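Reading through the structure tokens given below for one structure.
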Amino acid sequence: MSDDQTGQTDKTIAGPRPEPLRFFGTTWVDHDGGYGLRRAGVAAGSLAAAVASALVLRFAYQGLAIADVGGFVNGLVVVMFAVCTAIAFSRTWQGFTRRPADPSREDALRSLKAIGFIGSLLAYFVRSLTEAPGEKLARAEYETARAQYEKRRATRAGNPAARKRTKRK
């Protein structure tokens, strides 16, 4: 271990490195560095943001009511936000457990997820009650990469680190 300019020790580990998660960095690996407090903060923050967002949408709906645009438009707006919120929730939730099969399709749904942002915030809240959002997927990928690395390292023929040193006479 070596000290860098910030006074922190640099833990260099050979092999693959864990993927940092938003708001958590790599604290999800060993659940250290204030992991529990971060999870509580993310849960509280995402729930507060969802409540604030719902209030903003309520004011927007009241603006439509004041403008007297009609029942059809009011109903259409409610249905649109409900459908977009459901899509955003399900896509965000799926993103915590598996990588998207078609990234271009996810890009195409970005506008729907932006309209239904409350669903994404609620998915983030619910997931952060049990783990860091995306931790399960990142942990599975990291453990797979570590196992593959160890297997390659152990079976490699010319690996000097794997050889036992013999004393010369």
Among (1) over 28 Å from residue 38 (Cβ atoms); (2) at pLDDT 85 or above, there is one condition residue 134 misses while meeting the rest; what is its number? (1)
Is it true that some residue in region 51-60 is open to solvent by less than 60 Å² (accessible area, probe 1.4 Å) and in contact with a Pro (Cβ under 9 Å, 6 or more places away or on another chain)? no
Being touching a Phe, Trp or Tyr at 6+ places or on another chain (Cβ under 9 Å) and either crowded, with 16+ Cβ neighbours inside 10 Å or of a type in the set (D, E, K, R) (or both) is the filter here, so list the residues in region 27-44 that pass it. 27, 28, 29, 35, 38, 39, 42, 43
Scope region 112-124; condition under 17 Å from the mean Cα position of the chain (by Cα) and open to solvent by 50 Å² or more (accessible area, probe 1.4 Å); matching residues: 113, 114, 117, 122
With criteria (1) open to solvent by less than 60 Å² (accessible area, probe 1.4 Å); (2) of a type outside the set (S, T, N, Q); (3) out of contact with any strand residue (DSSP E or B) (no Cβ under 6 Å at 6 or more places or on another chain), residue 132 comes up short on (3)
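Restricting attention to region 96-109, report how many residues are of a type outside the set (Phe, Trp, Tyr) and under 22 Å from residue 45 (Cα atoms).
1
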Residue count, region 80-111, condition assigned to a helix (DSSP H, G or I) and surrounded by fewer than 17 Cβ atoms within 10 Å (Cβ to Cβ), comes to 15
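The values are calculated or read from the model by the stated rules, or taken from the named source; none is laboratory data. Since the model is a prediction, treat every value here as computed from it, not as a measurement. Glycine also receives a Cβ, built like all others from the backbone with ideal geometry; neighbour counts cover every protein chain displayed. Remember, those area values only see protein heavy atoms, side chains included, never the ligands or the DNA or RNA. Shrake-Rupley method; radii C 1.70, N 1.55, O 1.52, S 1.80 Å.
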